[in-house]
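Below is one structure; the comments refer to it alone.
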Amino acid sequence: MYLGLGVKRWMLLWSISVAIIAVGMAFVIKNLLDVNLPDLLPWHLEGIVLGVAGVAAAMASVYGLYRSVGPLLFATSDINSLTETLYARRFRARGPKIVTIGGGTGMSVLLRGLKAHTDNITAIVTVADDGGSSGRLRQDLGVLPPGDFRNCLVAMSDDETLVRDLFQYRFDQGEGLAGHSFGNLFIVAMTDIAGSFEAALSESSRVLAVHGQIVPATIANLRLSARLSDGSIVEGESNIGASDGSIEELMIRPKEAVALPAAIEAIRDADMVIIGPGSLYTSILPNLLVGDISKAIHASKAQKLYVCNVATQKGETTGYTIVDHVAALQKHTYPEIVDYVVANNVTVDPGPPFLGHAVLDDGRRVAHAQIVADDLIDASFPVRHDAAKLAKCILGVYHGSYPATVPEAAVTAAQTR
């Protein structure tokens, strides 16, 4: 009886159709009896007899159906679960069209929270990873690095617990096999079978019952380099994260990398575009430096939102505040890149064994955007967001129920420093 489940209307239509058929059959039977046989009963008793016979037949069919499939579908717990599943699916199918842009663990946390609210999710994922298992597969087989895509598939899948255990399983022995995760090898194998990396993601999503779609920002062989404050250049995603200097500028090669058409189309049709959370220079900005991606965001009428990390990251954002994170986005793209900044407002010192410190609001205003602050931290892992809290806050912004705590500023971040 849930509203919007899409069951009652069809049950009503079925009942009406049965009634229409019954009336039609009554006319046929009546005419046959009138023509071929003398009246056996008074007309009102004929109707009663036919009605009783119809009810008896209906009850017999329902009883037979129950005996056949009842033990499988109509046990109390099972029917409740089935109803909840149907209702949730109908609810999520009508959810907002959301595009997320980033990579790494931050994006998988975000997707895990969003999938409870909408099936209309497109995750645009960076292809700049060159370390670990992904880096080895990229170098040896010439494929796009599968690691971030694996994490997104796990986060967006229906049966996340089982899939996570399987896809995150990492081999610890075997020549050439040690260090690789099963999920990475699965995606690489699917790429060979399906004929392309994009097709592999599509087929993997279908097999794993993924909510939404996952697409690479580009299929170019993207390489990162960063110019530090001392003028030195660091090459490679893994080396940038390990550097000790302050990053002044991030660059990609090829500079004119072309965005995947599916990514551009998703941004064009989106109701909300979410940038982050994730490593600012190695997970988020590589996507935005693909020129077509930034242009599509600029042209989009969607709400644009940046999710600021809850903790700084050594080698990338040491000492950064909320304003510093947004200023880096604006510096590498354009000043109006986002309308809202979602940030954590609970001060928690991660402490050992975690690296980094809480990202603070130092009181400066964010240029061209509004800050929405709330308790977003995962208490059990204080350098990450809580998936449910983050999704609730984001959907609140979408529906207009989260007022901004800091008014829009007309000045740039550089001018307010």
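The values are calculated or read from the model by the stated rules, or taken from the named source; none is laboratory data. Bear in mind the structure is a predicted one, so any value in this text is a computation, not a measurement. Because the Cβ atoms are built from the backbone with ideal geometry, glycine has one as well, and the counts that use them run over all protein chains shown.
So the values come out like this:
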| read-out | value |
| --- | --- |
| Scan of the range 133-178 for residues that are surrounded by 14 or more Cβ atoms within 10 Å (Cβ to Cβ) and modelled with pLDDT under 80, ordered by number | E160, V163, R164 |
| Residue tally, condition more than 17 Å from G103 (Cβ to Cβ) and touching a Ser or Thr at 6+ places or on another chain (Cβ under 9 Å), over the range 322-340 | 7 |
| Residues of the range 227-237 satisfying the condition of being farther than 17 Å from G135 by Cβ and outside any loop (DSSP other than H, G, I, E, B) | R227, L228, I233 |
| The one condition in (1) touching a Gly at 6+ places or on another chain (Cβ under 6 Å); (2) surrounded by 15 or more Cβ atoms within 10 Å (Cβ to Cβ) that A242 fails to fulfil | (2) |
| A327 vs. criteria in contact with a strand residue (DSSP E or B) (Cβ under 8 Å, 6 or more places away or on another chain), in a helix (DSSP H, G or I) and under 19 Å from P216 (Cα atoms) | no |
| Counted residues, the range 376-401 - those being of a type outside the set (V, I, T), closer than 22 Å to S279 by Cα and touching a His at 6+ places or on another chain (Cβ under 8 Å) | 3 |
| Qualifying positions in the range 267-276 - part of a loop (DSSP other than H, G, I, E, B) and at pLDDT 95 or above | A270, D271 |
| Residue satisfying all of: in the range 122-132; surrounded by 24 or more Cβ atoms within 10 Å (Cβ to Cβ) and more than 13 Å from I275 (Cα to Cα); modelled with the highest pLDDT among these | V127 |
| Any hit, the range 87-96, residues being at pLDDT 90 or above and not in a helix (DSSP H, G or I) | yes |
| Count - residues of the range 277-299 that are in contact with a strand residue (DSSP E or B) (Cβ under 6 Å, 6 or more places away or on another chain) and outside any helix (DSSP H, G or I) | 4 |
| Test: residue in the range 157-168 that is among the polar types (S, T, N, Q) and closer than 23 Å to R268 by Cβ | no |
| Conditions (1) among the β-branched types (V, I, T); (2) free of Cβ contacts under 8 Å to residues at least 60 places away in the same chain; (3) not in a helix (DSSP H, G or I); number of the one not met by I264 | (3) |
| Residue within the range 181-191 that is of a type in the set (G, A, S) and surrounded by fewer than 16 Cβ atoms within 10 Å (Cβ to Cβ) present | yes |
| Every residue from the range 363-400 that is among the aliphatic types (A, V, I, L, M), under 15 Å from V341 (Cα atoms) and part of a loop (DSSP other than H, G, I, E, B) | V366, A369, L376 |
| Meets criteria (in contact (Cβ under 8 Å) with a residue 40 or more places away in the chain, in a loop (DSSP other than H, G, I, E, B), of a type in the set (S, T, Y) and in the same structural domain as I121 (by TED's automatic domain parsing)) for S243 | yes |
| Only one of V258, V310, V326 that is within 22 Å of H368 (Cβ to Cβ) and among the β-branched types (V, I, T) | V326 |
| Among residues of the range 364-375, those that are among the small types (G, A, S) and either touching a Phe, Trp or Tyr at 6+ places or on another chain (Cβ under 7 Å) or closer than 15 Å to P277 by Cα (or both), counted | 2 |
| Flag if K255 is closer than 27 Å to D361 by Cβ, assigned by TED's automatic domain parsing to the domain that holds R384 and not in a helix (DSSP H, G or I) | no |
| Test: residue in the range 199-206 that is in contact with a Leu (Cβ under 8 Å, 6 or more places away or on another chain), of a type in the set (G, A, S) and either part of a helix (DSSP H, G or I) or free of Cβ contacts under 8 Å to residues at least 12 places away in the same chain (or both) | yes |
| Condition broken by S229, with the remaining ones in (1) surrounded by fewer than 16 Cβ atoms within 10 Å (Cβ to Cβ); (2) within 25 Å of the chain's Cα centre (by Cα); (3) of a type outside the set (V, I, T) satisfied | (2) |
